[in-house]
Amino acid sequence: MLVNDLFGSELPLIQAPMAGSQNHQLAAAVCQAGGLGSIPCAMLTPTALRQELEAMRGLTERPFNLNFFSHVPPEPDAAREAAWREALAPYYDELGVDPASIASGPGRQPFNDEAAALVEEFRPAVVSFHFGLPEEALLQRVRNSGAAILSSATTLDEALWLQERGVDAVIAQGLEAGGHRGHFLDHDLSRQLGTLALLPQLADALAVPVIAAGGISDARGVAAAMALGAAGVQVGSAYLLCPEATTSALHRAALQSPAARHTALTNLFSGRPARGIVNRLMREQGPLSERAPAFPLATAAIAPLRAAAEAQGSGDFSPLWAGQNIANCRAIPAAELTRELARGFVRG
């Protein structure tokens, strides 16, 4: 079974949700080209999400995906926050940021009652989750809406956990993937596998379809994933330079520079490991720091540094999310890229 049979799109191809680099325009363009476009929801207020959904409805009648985070918000740790701001103090001085003016805040919200109500109202074909699944009562509301439920797994244990809880398909997120790691059962990064190692393990062990994600940027990658047992693919970084994406000028420049060949997992920008292009903050603080507050609390102290640096044309403090394989990340329309990727589904 290919996953497009599950959610009604023409192609078993999902455009990965990429918060901060896209909105409904990219998602709709992919949908119109036959793929399953995704709207990232974790950074949207209920009002903003409603606006996105209404705009999406105005551009396409085809199936689409809403993606939510399902993390458990941490308790604020004043000592850890103070240590984090102390580590960042030289940058505040350099960029003229007053630490006393920095508000604390979560930055990203997990799936909740308000989000479930919007799912019930707009009835997307697919709802996907990152960092596990929400509590059963919320998950049941999604099921009752008629949506297919997907979630990311980075290990076989996570995939089996998701299957036991009734997901319709599992996204096998390989270590190559850009953005936040979806791990939720074990935070030991040494357990994380590349896509071509993780995918066949999941395909062999699960009864539900498996979607390959990470390192797939052209038809060859699609064909390789399908040969290893995938029922579909999820592609993110390759879409970052499309005109429909909202990727910033600084981010676009980085993606087209030699710097994009060096990515790393970092927790500096949010408190949770995510893959991005190595920049000054990652080099000087080390990409992974025990001082960074738990996800998503690290964001607040970084935000003013990012804003000040970007105002000067610098991405030194910006999360430049990207996967390891950006060779086919090109400034072409999303529909054209989707059609190119689709050739991988018919290779001999």
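The values are calculated or read from the model by the stated rules, or taken from the named source; none is laboratory data. The shown structure was predicted, so the numbers you read here are calculated from the model rather than taken from an experiment. So basically every Cβ, Gly included, is an ideal-geometry build from the backbone, and we count neighbours across all protein chains shown. Note: areas computed on protein heavy atoms with side chains; ligands, DNA, RNA excluded. Shrake-Rupley method; radii C 1.70, N 1.55, O 1.52, S 1.80 Å.
What you get for the chain, charging only the Cβ of Lys and Arg (+1) and of Asp and Glu (-1), is a dipole of about 820 debye around the Cα centre.
For the chain, DSSP calls about 20 percent of its internal beta bridges antiparallel. Comparing Leu337, Leu162, Leu95 in a Gaussian network model of the chain, where Cα atoms under 10 Å apart are tied by springs, the biggest mean-square fluctuation is seen for Leu95. Can you tell which of Ala308, Ala100, Ala79 shows the greatest fluctuation in a Gaussian network model of the chain with Cα springs below 10 Å? Highest fluctuation of the listed residues: Ala100. At the listed q of 0.09, 0.13, 0.16 Å⁻¹, the Debye profile of region 156-301, built from one uniform point per Cα, gives log10 I(q)/I(0) equal to -0.32, -0.66, -0.96. Subtracting the Cα-Cα distance from 0.36 nm times the residue separation, let me have the gained length for Ala331 to Glu284 in nm, one decimal. Length gained between Ala331 and Glu284: 13.8 nm. Return the whole-Å distance between the Cα centroid of region 1-63 and the Cα centroid of region 275-347. Cα centroid to Cα centroid, the span is 20 Å. The GNM of the chain, with springs linking C-alpha atoms under 10 angstrom apart, assigns the highest mean-square fluctuation among Ala260, Ala55, Ala137 to Ala137. Modelled spin labels at Met1 and Leu196, positioned 7 Å past Cα toward Cβ, are 2.9 nm from each other. Working note: Debye formula, equal point scatterers on the alpha-carbon atoms of region 106-151, no solvent; log10 I(q)/I(0) at q = 0.23, 0.24, 0.30, 0.32 Å⁻¹ is -0.78, -0.84, -1.26, -1.38. Annotation for Arg343 and Glu121: the two label points, set 7 Å from Cα along the Cα-Cβ direction, are 4.3 nm apart. A cut-off of 5 Å between modelled amide H atoms, ignoring neighbours fewer than 5 places along the same chain, links Leu193 with Leu175. Net length available on complete extension from Asn144 to Glu54 is 30.3 nm, with 0.36 nm assigned per residue and the Cα-Cα distance removed. Placing a pseudo-label 7 Å from each Cα along the Cα-to-Cβ vector at Asp113 and Glu61 gives an inter-label distance of 3.5 nm.
Contact order, relative form, for the chain: 20 percent (alpha carbon pairs under 8 Å, 6 or more residues apart, mean separation divided by residue count). Binning the C-alpha pair distances of region 74-130 at 10 Å intervals from 0 yields a P(r) profile of 16, 33, 19, 20, 12 %, listed from the shortest bin outward.
Karplus-based coupling profile of region 132-146, in residue order and whole Hz: x, 9, x, 4, 4, 4, 5, 5, 5, 5, 5, 4, 5, 6, x, with θ = phi - 60° in 6.51 cos²θ - 1.76 cosθ + 1.60 and x standing for Gly or Pro.
Extension gain, Ala103 to Leu189: 0.36 nm times the residue separation minus the Cα-Cα distance gives 27.9 nm.
Note on region 37-117: Rg/Rh from C-alpha atoms, Kirkwood Rh, equals 1.14. Protein heavy-atom surface of region 162-217, 1.4 angstrom probe: 48% of the accessible area is carbon and sulfur, with nucleic acids and ligands not counted. The C-alpha radius of gyration of region 248-301, expressed as a fraction of 2.2 N^0.38 Å, stands at 1.15.
All Cα-Cα separations within region 201-251 were binned at 5 Å from zero, giving a P(r) of 4, 20, 23, 17, 14, 10, 7, 4, 1, each value a whole percent of the pairs. Summed over the residues of the chain and divided among them, the accessible surface reaches 40 Å² per residue at a probe radius of 1.4 Å. Using the Cα coordinates of region 158-235, the gyration tensor eigenvalues translate into equivalent-ellipsoid semi-axes of 18, 16, 10 Å, sorted from longest to shortest. Computed in the context of the full set of protein chains, the accessible area of region 56-152 at 1.4 Å probe radius has 50% of its extent on carbon or sulfur.
Computing semi-axes √(5λ) of the Cα gyration tensor in Å for the structure here picks out one of [x] 54, 20, 17; [y] 31, 22, 20; [z] 44, 27, 16, namely [y]. Helical runs assigned H by DSSP (4 residues or longer) give the chain a calculated mean residue ellipticity at 222 nm of -11000 deg cm²/dmol, each run adding -39500 (n - 2.57) before division by the residue total. For region 1-151, the fraction of C-alpha pairs farther apart than 28 angstrom is 31 percent.
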